[in-house]
Amino acid sequence: GGGTFWGLCRLLTGVKSFDEMLKMSAKGNNTAVDMLVGDIYGGNDYSKVGLAATTIASSFGKVVMDDSSSVADYKPEDIALSLLRMISYNIAQVAVLNAMNFKLKRLIFGGFFIRGHA
């Protein structure tokens with residue numbers, strides 16, 4: 001979690017401090033880089049399966065749609081927030097699916113990654 005975020009965020013934004021990355025992500029707008037359900041369905045929800053228009057369909061998906069773009073074309077704050085959400089959602093999904101598989105009633109998260117933004 002934290003090491004993955006820290007390493008990728010450092011490569012993509014140039015920021016070296018974990019705390020600065022978290023502060024930077026708080027100022028970001030992930031919709032500048034992430035493809036949302038609404039981007040796919042003309043601004044609408046996909047209510048058939050319960051997905052709001054604001055649900056992330058693809059982290060960094062908008063970047064893929066622009067062949068001429070580079071990392072310099074995106075704000076570091078937006079990249080940091082997208083990356084933070086992508087990794088956090090992945091951790092949560094793996095944890096919830098394992099909890100369901102093993103019929104656990106409670107999940108406890110710990111570690112350096114969740115401090116300060118949990």
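Read through the labelled values [x] 0.96; [y] 1.11; [z] 1.01 and report the label of the one computed as Rg/Rh (Cα atoms, Kirkwood Rh) from the structure. Answer by label: [z].
Here the Karplus curve 6.51 cos²θ - 1.76 cosθ + 1.60, taken at θ = phi - 60°, turns the phi angles of the stretch 5-22 into couplings of 4, 4, x, 5, 5, 5, 5, 7, 10, x, 6, 9, 8, 4, 5, 5, 5, 5 Hz, with x standing for Gly and Pro.
A simple packing score, the average count of other Cβ atoms within 10 Å per residue, orders the peptides 78-85, 95-102, 4-11 as 78-85, 4-11, 95-102, with the highest score first. Annotation: per residue accessible area for the chain equals 66 Å², rounded to a whole number [probe 1.4 Å, protein chains only]. Amide H contacts of A53 (H built 1.01 Å from N, in plane; Pro and chain starts excluded): D45, Y46 sit under 5 Å, all sequence-distant by 5 or more or on other chains. Relative to the Cα centre, the charge distribution of the chain, modelled as +1 at Lys and Arg Cβ and -1 at Asp and Glu Cβ, gives a dipole magnitude of about 680 debye.
The values are calculated or read from the model by the stated rules, or taken from the named source; none is laboratory data. Computed from a predicted model, the values in this text were never measured in an experiment. All Cβ positions, glycine included, derive from the backbone under ideal geometry; neighbour counts span all protein chains shown. Only protein heavy atoms, including side chains, enter the accessible area calculation; ligands, DNA and RNA are left aside. Shrake-Rupley method; radii C 1.70, N 1.55, O 1.52, S 1.80 Å.
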